[in-house]
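Taking it in order: structure first as structure tokens, then the write-up.
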Amino acid sequence: MYSLTHLFQCVALVTKIQDKLKMPKQLLNAIILVMLSLSMISCSATNIKPWERGNLAKPAMTFGSDSLIDATDDHVYFSKEATSGGRSFGAGGCGCN
């Protein structure tokens, strides 16, 4: 995630570019919007080739592939927070067991 200082640096850079090129603000904003849109489109999901599907089907690629580690994490979370993590059981509350 981007920090707030990074955001301010980007705004300052855009302002410098606008001043240097003497562009109208609307045109510069439109160019930035197009560039951001293109970058988001290019990061979209790609097609998976048939020979790559075997890698995605491995047990290590699933969420919660190790039930012992998941149970331990849930126990530690419950012990610290006095509430359950919203898994497959309904519980929670103040911790007055």
Here the residues within the stretch 53-69 that are surrounded by 10 or more Cβ atoms within 10 Å (Cβ to Cβ) and either modelled with pLDDT of 80 or more or of a type outside the set (Asp, Glu) (or both) are Asn55, Thr62, Gly64, Ser65, Ile69
Pairs returned, first residue in the stretch 56-72 that is without any contact (Cβ under 8 Å) to a residue 24 or more places away in the chain, second residue that is surrounded by 10 or more Cβ atoms within 10 Å (Cβ to Cβ) and assigned to a helix (DSSP H, G or I), beta-carbon separation under 7 angstrom, 6 or more apart or interchain, are Gly64/Asp70
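Quick check on Thr46: is it at pLDDT 70 or above, in a helix (DSSP H, G or I), at negative phi and out of contact with any strand residue (DSSP E or B) (no Cβ under 9 Å at 6 or more places or on another chain)? Can you show your working first?
Values: at pLDDT 70 or above: yes; in a helix (DSSP H, G or I): no; at negative phi: yes; out of contact with any strand residue (DSSP E or B) (no Cβ under 9 Å at 6 or more places or on another chain): yes.
So Thr46 fails the test.
The values are calculated or read from the model by the stated rules, or taken from the named source; none is laboratory data. Keep in mind that what you see is a predicted model, and the values were worked out from it rather than measured. Don't worry about glycine lacking a Cβ; one is built from the backbone with ideal geometry, like all the others, and counts go over all protein chains shown.
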